[in-house]
Amino acid sequence: MQKFLIVAAVILLHGCVSSRTQDSADYTPQTADSDTRIQSRARIHAELASGYLELGNLGVALQEANEALKIDPNYVAAHNVLGLAYMELRDDKAAEASFQRALRINGLDSDSNNNYGWFLCQRKREKESVKFFLDALRNPLYATPEKSWVNAGICARQAGDQANAEEYFLRAIKLRANQPMALQQLADIAYKRKDYVGAKTYLSRMQRDANSPSAEFLWLALRVERRLGDRNAEQSFAFQLQKNFPESREARALAAGLYE
């Protein structure tokens, strides 16, 4: 789940270009053209860095991001990719410095706020992290705000803030009704408060759009049906879990009868 959230919520490089202002008295078409060419070259290297990062080629990702910064030291997207690459390499000091540099250049950059928040959350600094997810949402041009709502919910929940976590997940599904992570989290919250009908409602919404349900989904779904007394549905989910994820933690729990 964590890897999905990092990849899905993080790199939207076209929206991360830093703005550069100029006094109108000093403006010339030649300067504007030069700035455009500089940013275009930096953007190409930053996008290459992003692509290599997704492929897991961290060395080349670092190289391309640094090339972008040689061209434009204030290119936010390149600092953002550096942060993500250093995060994968467990170089926490360098990762944090890169994210903070991006936010000093543009404090409203949604991707940098979201990614820095996720970095903090993964380093057990959940209470600090939520602020950055909420800061990501301050940008009215943020293309995928539901992802930051989901991340805020996950990290708030890890910090023990159940009330705000649930509110964040609900905000996510208001923006995208079939957001799978939000629906599964809401189903799990409902299950834990013994609202089994509510949990099943959220899971049913998830199932309509799921091509292949995960082990986590199947495990929660079979336990919900067990509580509701639908043995046929419970056995169906149990069969899928054992068949598709026989080595999973959830399948082992099922085999041992450890439902809670």
Which residues, taken from region 99-109, are under 11 Å from ALA136 (Cα atoms) and either within 12 Å of the chain's Cα centre (by Cα) or among the hydrophobic types (A, V, I, L, M, F, W, C) (or both)?
LEU103, LEU108
Considering region 93-114, residues that are touching a helix residue (DSSP H, G or I) at 6+ places or on another chain (Cβ under 6 Å) and of a type in the set (A, V, I, L, M, F, W, C), and then whichever is farthest from TRP149 (Cα to Cα), we arrive at ALA94
Residues located in region 157-172, provided they are over 22 Å from THR144 (Cα atoms), of a type outside the set (A, V, I, L, M, F, W, C) and in a helix (DSSP H, G or I)
GLN158, GLN162
Residues being among the charged types (D, E, K, R), assigned to a helix (DSSP H, G or I) and either surrounded by fewer than 16 Cβ atoms within 10 Å (Cβ to Cβ) or touching a Lys or Arg at 6+ places or on another chain (Cβ under 6 Å) (or both) - total across region 88-127
5
Condition met for ASN139 (in contact (Cβ under 8 Å) with a residue 12 or more places away in the chain, assigned to a helix (DSSP H, G or I) and under 29 Å from GLN184 (Cα atoms))
no
Filter region 176-204 for residues that are hydrophobic (A, V, I, L, M, F, W, C) and exposed (fewer than 14 other Cβ atoms within 10 Å of the Cβ); which is farthest from ALA143 (Cα to Cα)?
VAL197
So which of ALA182, ALA177 is within 29 Å of PHE133 (Cβ to Cβ) and part of a helix (DSSP H, G or I)?
ALA182
Residue pairs meeting the criteria (Cβ under 8 Å; at least 6 apart or on separate chains; first more than 17 Å from SER212 (Cα to Cα), in region 226-255; second assigned to a helix (DSSP H, G or I) and aromatic (Phe, Trp, Tyr))
ARG227/TYR191; ARG227/TYR196; LEU228/TYR196; ALA253/TRP219; LEU254/TRP219
Would you please list the contacts, defined by Cβ atoms under 8 Å and residues six or more apart or on different chains, that run from a residue in region 84-101 that is at pLDDT 95 or above and of a type in the set (Lys, Arg) to a residue that is part of a helix (DSSP H, G or I) and buried (at least 22 other Cβ atoms within 10 Å of the Cβ)?
ARG101/HIS79
Could you tell me which residue of region 216-260 is nearest to TYR191 (Cα to Cα), considering only residues that are among the aliphatic types (A, V, I, L, M) and loosely packed, with under 15 Cβ neighbours inside 10 Å?
LEU228
Does ALA190 fit the bill of being closer than 28 Å to MET206 by Cα, free of Cβ contacts under 8 Å to residues at least 24 places away in the same chain and in contact with a helix residue (DSSP H, G or I) (Cβ under 6 Å, 6 or more places away or on another chain)?
yes
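The values are calculated or read from the model by the stated rules, or taken from the named source; none is laboratory data. These figures come from a predicted structure and were not determined experimentally. Here Cβ is always computed from backbone atoms with ideal geometry, including for glycine, and neighbour counts include all displayed protein chains.
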